[in-house]
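Asks: For reference, the structure I am asking about is given below.
The values are calculated or read from the model by the stated rules, or taken from the named source; none is laboratory data. Since this is a predicted model, take the numbers as computed values, not measurements. Cβ sites come from the backbone with ideal geometry, for glycine too, and all protein chains shown count toward neighbours. These accessible areas exclude ligands, DNA and RNA; they are computed on the full protein's heavy atoms, side chains included. Shrake-Rupley method; radii C 1.70, N 1.55, O 1.52, S 1.80 Å.
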Amino acid sequence: IMTVFYLDTSSSYLYSAIVQNDKAIASISKKMDKDLSKMTLPAIAELFEEAHLTPNEIDKILVVNGPGSFTGVRIGVTIAKVYAWSLSKKISVLSSLEAMASSIDHYDYIVPMIDARRGYVFAGIYDQNGTAVMNNQYILKTTLEVAMDQLPGKVCIVTNDTISNDKFPVYPYRPNYERIITRYENLEEIHPHLVSPEYLKRTEAEENRLKNKDE
């Protein structure tokens, strides 16, 4: 029996599941907003209770390490690292955009999109099999739309943000945990200490510091 604990706190939602032999035996998809930092651990405890398992009984942890909310990404990565290190569990990281692209299957191309403000988004372009046609990046939304226009097939957007668009169908992100785990459970395992956030862009503080240095 292969038991995988999945954790994604990269947005204002907590997405987590325990998947056993490619079947979700417990899951939570809940908007947490500002409660994310204090409610994630109690919610995970309830998740394990619902699955009738202890954290020690999992085989692997799959954690989303960004992009998304800087604080949110750090919460999930920290919890996953502590579990993996203290319980000697295998751990792999997954992009929030890969997870989002796995939630839709009736389009030729799926474009997961996270609003990064000021006209920018975090996005990638994936085909039906989860293969990246355009790698995840921090990109101007207008530049991305030009790339989407050139795709030879049906294209849709997956997002939890309000993203204005009148060309392509937009779907809210609803994780398909079983598909995510089936697709990504064999990702390369890494040492817990090497698990780190993947923000795809600098924090505003870093950007301001660099701007001030250049001036």
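Asks: Please specify each residue of the stretch 129-144 satisfying the condition of being out of contact with any helix residue (DSSP H, G or I) (no Cβ under 8 Å at 6 or more places or on another chain) and surrounded by 15 or more Cβ atoms within 10 Å (Cβ to Cβ).
Replies: Gln137, Tyr138, Ile139, Lys141, Leu144
Asks: Going through Asp115, Asp127, Asp149 one at a time, which residue ends up being among the acidic types (Asp, Glu) and under 23 Å from Arg183 (Cβ atoms)?
Replies: Details: Asp115 fails: under 23 Å from Arg183 (Cβ atoms); Asp149 fails: under 23 Å from Arg183 (Cβ atoms).
Result of the check over Asp115, Asp127, Asp149: Asp127.
Asks: Which residue out of Val121, Val158 is in contact with a Lys or Arg (Cβ under 6 Å, 6 or more places away or on another chain) and surrounded by 16 or more Cβ atoms within 10 Å (Cβ to Cβ)? Walk me through how you get there before you give the answer.
Replies: Values: Val158 fails: in contact with a Lys or Arg (Cβ under 6 Å, 6 or more places away or on another chain).
The match here is Val121.
Asks: Moving on. Name the strands (runs of 3 or more DSSP E) wholly inside the stretch 19-99 in which the number of residues that are open to solvent by 70 Å² or more (accessible area, probe 1.4 Å) and either basic (Lys, Arg) or out of contact with any Leu (no Cβ under 8 Å at 6 or more places or on another chain) (or both) is 2 or more. Give the derivation first.
Replies: Working: elements: 23-31, 60-64, 90-94.
Of the strands (runs of 3 or more DSSP E) lying wholly inside the stretch 19-99, those with at least 2 residues that are open to solvent by 70 Å² or more (accessible area, probe 1.4 Å) and either basic (Lys, Arg) or out of contact with any Leu (no Cβ under 8 Å at 6 or more places or on another chain) (or both) span 23-31.
Asks: Right, something else. Touching a residue at least 24 places away in the same chain (Cβ under 8 Å), closer than 25 Å to Phe122 by Cβ and of a type in the set (Asp, Glu): does that describe Glu50? Give the derivation first.
Replies: Working: touching a residue at least 24 places away in the same chain (Cβ under 8 Å): yes; closer than 25 Å to Phe122 by Cβ: no; of a type in the set (Asp, Glu): yes.
No, not satisfied.
Asks: I'd like to verify a number: residues in the stretch 119-151 that are touching a strand residue (DSSP E or B) at 6+ places or on another chain (Cβ under 9 Å) and farther than 24 Å from Glu189 by Cβ, how many?
Replies: Qualifying residue count, the stretch 119-151: 20.
Asks: Still on this model: Checking the conditions here, which among Lys201, Lys213 is at pLDDT below 95, open to solvent by less than 60 Å² (accessible area, probe 1.4 Å) and among the basic types (Lys, Arg)?
Replies: Values: Lys213 fails: open to solvent by less than 60 Å² (accessible area, probe 1.4 Å).
Going through Lys201, Lys213 in turn, the sole match is Lys201.
Asks: Can I ask one more? Take Val63 and tell me if it is of a type in the set (Val, Ile, Thr), under 30 Å from Asp35 (Cα atoms) and touching a Gly at 6+ places or on another chain (Cβ under 7 Å). Steps first, please.
Replies: Details: of a type in the set (Val, Ile, Thr): yes; under 30 Å from Asp35 (Cα atoms): yes; touching a Gly at 6+ places or on another chain (Cβ under 7 Å): yes.
For Val63, the condition - of a type in the set (Val, Ile, Thr), under 30 Å from Asp35 (Cα atoms) and touching a Gly at 6+ places or on another chain (Cβ under 7 Å) - is met.
Asks: When residues of the stretch 110-143 are filtered for being of a type in the set (Val, Ile, Thr) and within 18 Å of Asn160 (Cα to Cα), how many remain? Reasoning before the result, please.
Replies: Narrowing the stretch 110-143 to residues of a type in the set (Val, Ile, Thr): 110-111, 114, 121, 125, 131, 133, 139, 142-143.
Subsequent filtering for residues that are within 18 Å of Asn160 (Cα to Cα) retains 110-111, 114, 121, 125, 139.
Looking only at that region, the number is 6.
Asks: Moving to a separate point now. Here is a list of conditions, (1) farther than 17 Å from Asp8 by Cα; (2) free of Cβ contacts under 8 Å to residues at least 60 places away in the same chain, and Ile190 meets all of them except one; can you say which number that is?
Replies: Only one criterion in (1) farther than 17 Å from Asp8 by Cα; (2) free of Cβ contacts under 8 Å to residues at least 60 places away in the same chain is unmet by Ile190, namely (2).
Asks: Considering (1) touching a residue at least 12 places away in the same chain (Cβ under 8 Å); (2) over 13 Å from Ile181 (Cα atoms); (3) within 17 Å of the chain's Cα centre (by Cα), say which one Thr78 fails and leave the rest.
Replies: Going through the list (1) touching a residue at least 12 places away in the same chain (Cβ under 8 Å); (2) over 13 Å from Ile181 (Cα atoms); (3) within 17 Å of the chain's Cα centre (by Cα), Thr78 breaks only (1).
Asks: OK, next. So in the stretch 177-186, with the set limited to residues that are open to solvent by 50 Å² or more (accessible area, probe 1.4 Å) and not basic (Lys, Arg), which one is farthest from Ser12 (Cα to Cα)? Steps first, answer last, please.
Replies: Keep residues of the stretch 177-186 that are open to solvent by 50 Å² or more (accessible area, probe 1.4 Å), which gives 178-179, 182-183, 186.
After this cut, where a residue has to be not basic (Lys, Arg) as well, the list is 178, 182, 186.
Details: Glu178: 22, Thr182: 25, Asn186: 27 Å.
Among them, the one singled out is Asn186.
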